[in-house]
Structures are given as structure tokens and as C-alpha cells.
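The values are calculated or read from the model by the stated rules, or taken from the named source; none is laboratory data. Everything numeric here is computed off the predicted structure, so don't read it as measured data. Here Cβ is always computed from backbone atoms with ideal geometry, including for glycine, and neighbour counts include all displayed protein chains.
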Ligand SMILES: *Cc1c(COP(=O)(O)O)cnc(C)c1O
């Protein structure tokens, strides 16, 4: 049986289904498998020609017991989750001709045009499958920095097993992202706009933590989370590293670099797990915007919470990259006592200074960079002019970080830059970068255009009173539903 434990070691091991439905273990840690599967180069060779969903099946099978999800059940859930993708290849790769050895992995062809769709459709469908089997209903809360909310909302449309609440900070996300949440008319999907938040989605993460800390509420609503604290999100994200690798390398065994725009460190954490499982990675290029917490951490060993700065790449405007803890757990040898005291120290002091040995261990195989808004805009313009390829601001952060670090990469090594959103979600930034009012056709997507004419529907709520407002509203909504279904 494959078992899941808390990084803080305070809960008994559970199997996959419980880890997914709980979202987070009760001790405030993060779920991790007790061991990671090992994948040999021979195995990679055999997987060379698989489609993305076929490869996903092979990799996920290693994390999920047959008794929890049979082969055909897993295949069906995967298939269903990727049907809404706009591209037949699901996650295609593009070669950037103007830069030697640089490839782009397009993770943004899902229904809400960001990389969040890659794991979210699957995770929400998993919830639905497990809940149907148990004949249960759950409420999901999602705090969002712009892309997680739309992905969760979209994936939940029409499901009877779930009510999904996306909570977003006004002024911290684009109008296009907001409309992706507020123009959904499915009665089980709710959007909540918070006015007056100071630290954007980090404040809302704290709100979600507070909701979860309320046991009565948690029980009454049967509350769970599909933020990247949920193991299934991270697990699913390991797949695109393998897939991209197999598409780009000339020879299996060759080490590849990955440049990754990072916020909560979920995507990068998945990359490090893939590396741990045996994927030949040369360097990860950790790409921060001005919210440089992780760049600083990897360069100096100081993990420090700071105020969130609004940037053009809003989905990575995050000051506390929660999934760093999950990576650290594996990186320093699966010692839960250690993680527990470090997490404790961080929550008390808003910072931890790692000792030199630990810092050296976790920063191995990493390069990092902080990319300013100005440099992001320049990169969008340069790549557009040289390649006729339009990067979104997040993908541009990864390409810019590659440029800043390319001297430190191994001679002749290739780099895959993870492109995490479609430019049509950020028209104002694209206009500014290209210094033109007319958007090029690459910045227009019909799904965004069609949301512009619809009415918006959302709960409006003040930051100061959000805890009570959100919890009472959720309760009332569930009670109304129950009394309606009693007739
Ligand atoms: C969420 C997101 C990221 C960052 O992913 P993390 O797992 O939070 O590090 C990067 N780019 C875009 C567009 C995103 O939506």
C-alpha cells in the first residue's frame, strides 16, 4: 500500500484517497508519500513516444494503488480532464529559433488558459469520483492569485458532489482573470471578491487557514482545498517535466535545464520530485518577479516573509511559497521533526535562517534570478520581434531568468522554459510591452472575448470582516441547498 504522511509527522499514515480529500493533514503540515518511485533511463526510453495523457497514466500509477483507483478508472479520469484542452497535443513544445537551445513548454492550452488547468481538472475530477463513490458532498475553498480560482471554478462546473468557492483579492488580478470566475453560471460555483486586502492572495491564504482551523465549520461544510497544498496537484505536475524532457532531448540520459516562473513553489517542487525520481535535470532556473523571496532564499539561505509587491506577473505575486517545505522535506532526508521545528520558527518569526549545510543541500542544482517588471516587458517585446512569438508576463519571467543565468549553465545544455499562461489573460501588459494599442492576434482568445459580454456574479466582501462574512455566507448557502433538496 502506498502511504501518505505529513511533512510535520503529526498524523497517522493515510492512503491516497484520504490525502486528496483532506487536502491538508490536521497538524498543518503537507501530505507527502512515504517514498518516491524510481524511474530508470530504460523506463524513460520506453516512454519516449507516449502521448501526454498516456505518460500521465504511467507516472500517476506509481503513486496510486490499484485498490484505490483501478487502471480503467484512472484512465477515464485523466481522459475526461484533458478533453477541454484547446490543443490536440495538450502540452506542446515550441522551439525558440532566436535563442540557441531554448525551448518553450506551453502549459496554457487548458480551458482557463493557465498552467493551473494542467493539474486542476484532474484533481477536481478525482474529488468528484471519490465523493460519488462515498455518496458525499464537499465544499472547496480556493484562495487565488489569479489563475487557480478560474481553473478550479471551471473544473467544477455542473458537479453535484462539490461546491467550489474561489476567493480573490480585488486589484491584484486582471479583469480577464476575474471574469473567468464571475461569468460562470453554474449554481455550485461561487466567487468572492475581497476589498482592501494588503498582501493579495497571501492574506487570503491566511483566511483559508483560519477557516480550516475552525473544526465546527470544517465539519459542517465538509471543507477541503485544492490549492497547491493538495498533494494531487503537485503529483500531477511532475508529469510535464518528464513529458517535456522526452520531447526536447536528443538522447535519453542527457541532462536538461528547466526555467520555471515560481510563486508558491508548487510547480518547481514537482520538478524537484521528478529529479528525485530519476529525471536527468542539469539546473533548475528558479524565476522570481520582484517578489524575490525564493531567489533570496536559494542565494543566501534566509527564508523571509515580506510584503507582496504588485507586478505584471500577478500569479506569482506571492510572499510565502508554501511548497518549499515539501521540497525541503525530501531534500534534507525526510526528517519530520526537523521540518516541524523549522515551520514553527517561520510562523513565529516570519523568517528562518538555514545553516550552511542545509542551505547547500537544498540549493544544489539550482540557479535563481529576480526579474523586474521592466525586464519582463523588454523580454516580451524582444521575443515578439525576434521570433514572432508572444510570451505572457509569467513565461517572460522564465525566459528572462534564463537570459540572466545562461552563462552559468553547462556548455551545450538545452533549456526548457515553462510557459504558464496565455497572453490573452494580460492584454494591458502586452499593450505596454509592445507599446501599441492594437493587440496582435496571439493576444486574443475567443474564450476571453466571449466572457466580456456576460454579466458578472460574485459576493462582495470587506477585508476587515472577511472571516465572518465568508464563513457565514458559505454556511448559509449550504443550509439553503439542504432545505431546497428536502422538498
Ligand atoms: C500559479 C502560476 C505560477 C506559479 O506556480 P507555483 O506553483 O505557484 O509556483 C506561474 N505562472 C502562472 C501563470 C501561474 O498561474
Of the residues in the stretch 136-162 that are surrounded by fewer than 24 Cβ atoms within 10 Å (Cβ to Cβ) and assigned to a loop (DSSP other than H, G, I, E, B), the one that is nearest to the ligand (Cβ to nearest atom) is 157
Could you tell me which residue of the stretch 381-428 is nearest to the chain's Cα centre (by Cα), considering only residues that are more than 19 Å from residue 268 (Cα to Cα) and within 14 Å of the ligand (Cβ to nearest atom)?
-> 422
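Quick check on the stretch 252-269: of everything there that is assigned to a strand (DSSP E or B) and more than 6 Å from the ligand (Cβ to nearest atom), which residue is surrounded by the fewest Cβ atoms within 10 Å (Cβ to Cβ)?
That would be 254.
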May I ask you to verify whether residue 283 is more than 14 Å from the ligand (Cβ to nearest atom), closer than 29 Å to residue 94 by Cα and touching a strand residue (DSSP E or B) at 6+ places or on another chain (Cβ under 6 Å)?
-> yes
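Within the stretch 236-245, can one find any residue that is closer than 17 Å to residue 105 by Cβ, out of contact with any helix residue (DSSP H, G or I) (no Cβ under 9 Å at 6 or more places or on another chain), in a strand (DSSP E or B) and at pLDDT 95 or above? If you could, list the steps in order and put the result at the bottom.
As a first pass, look at the stretch 236-245 and keep what is closer than 17 Å to residue 105 by Cβ: 236-245.
With out of contact with any helix residue (DSSP H, G or I) (no Cβ under 9 Å at 6 or more places or on another chain) added as a condition, the list becomes 244.
The next check asks that each one be in a strand (DSSP E or B); those that pass are none.
No, that holds for no residue.
Residue 273: out of contact with any strand residue (DSSP E or B) (no Cβ under 8 Å at 6 or more places or on another chain), closer than 21 Å to residue 44 by Cβ and within 16 Å of the ligand (Cβ to nearest atom), yes or no? It would help to see each step written out before you state the result.
Numbers: out of contact with any strand residue (DSSP E or B) (no Cβ under 8 Å at 6 or more places or on another chain): yes; closer than 21 Å to residue 44 by Cβ: yes; within 16 Å of the ligand (Cβ to nearest atom): yes.
Yes.
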Residues in the stretch 30-52: is at least one in contact with a strand residue (DSSP E or B) (Cβ under 6 Å, 6 or more places away or on another chain), crowded, with 21+ Cβ neighbours inside 10 Å, in contact (Cβ under 8 Å) with a residue 60 or more places away in the chain and in a loop (DSSP other than H, G, I, E, B)?
-> no
Verdict on residue 342 being more than 21 Å from the chain's Cα centre (by Cα) and modelled with pLDDT of 95 or more | yes
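Rundown of residues vs (1) surrounded by fewer than 19 Cβ atoms within 10 Å (Cβ to Cβ); (2) modelled with pLDDT of 95 or more; (3) farther than 30 Å from residue 333 by Cα; (4) in contact with a helix residue (DSSP H, G or I) (Cβ under 9 Å, 6 or more places away or on another chain), yes/no style:
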residue: 354; (1), (2), (3), (4): no, yes, no, yes
residue: 364; (1), (2), (3), (4): yes, yes, no, yes
residue: 369; (1), (2), (3), (4): no, yes, no, yes
residue: 376; (1), (2), (3), (4): no, yes, yes, yes
residue: 379; (1), (2), (3), (4): no, yes, yes, yes
residue: 383; (1), (2), (3), (4): no, yes, yes, yes
residue: 390; (1), (2), (3), (4): no, yes, yes, yes
residue: 394; (1), (2), (3), (4): no, yes, yes, yes
What number of residues in the stretch 55-77 are touching a helix residue (DSSP H, G or I) at 6+ places or on another chain (Cβ under 7 Å) and more than 18 Å from residue 131 (Cβ to Cβ)?
-> 9
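When you look at residue 295, is it touching a residue at least 40 places away in the same chain (Cβ under 8 Å), away from the ligand (no atom under 16 Å from the Cβ) and either assigned to a helix (DSSP H, G or I) or surrounded by 18 or more Cβ atoms within 10 Å (Cβ to Cβ) (or both), yes or no?
Details: touching a residue at least 40 places away in the same chain (Cβ under 8 Å): yes; away from the ligand (no atom under 16 Å from the Cβ): no; either assigned to a helix (DSSP H, G or I) or surrounded by 18 or more Cβ atoms within 10 Å (Cβ to Cβ) (or both): yes.
No: the conditions fail for residue 295.
I'd like to know if the stretch 275-291 contains one or more residues that are assigned to a helix (DSSP H, G or I) and without any contact (Cβ under 8 Å) to a residue 40 or more places away in the chain.
Taking the stretch 275-291 and keeping what is assigned to a helix (DSSP H, G or I), we get 275-277.
Adding the requirement that they be without any contact (Cβ under 8 Å) to a residue 40 or more places away in the chain leaves none.
Among the residues of the stretch 275-291, not one is assigned to a helix (DSSP H, G or I) and without any contact (Cβ under 8 Å) to a residue 40 or more places away in the chain, which makes the answer no.
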Considering only the stretch 87-120, how many residues are within 16 Å of the ligand (Cβ to nearest atom) and either without any contact (Cβ under 8 Å) to a residue 12 or more places away in the chain or assigned to a loop (DSSP other than H, G, I, E, B) (or both)?
-> 9
Could you check, for the stretch 311-332, whether at least one of its residues is more than 16 Å from the ligand (Cβ to nearest atom), in contact with a strand residue (DSSP E or B) (Cβ under 7 Å, 6 or more places away or on another chain) and without any contact (Cβ under 8 Å) to a residue 60 or more places away in the chain?
-> no
What pairs come up if the first residue lies in the stretch 135-153 and is on the phi > 0 side of the Ramachandran plot, the second is within 16 Å of the ligand (Cβ to nearest atom) and part of a loop (DSSP other than H, G, I, E, B), and their beta carbons are under 6 Å apart, counting only those six or more places apart or on different chains?
-> 146/173
Residue check, residue 473 buried (at least 21 other Cβ atoms within 10 Å of the Cβ) and touching a strand residue (DSSP E or B) at 6+ places or on another chain (Cβ under 7 Å) = no
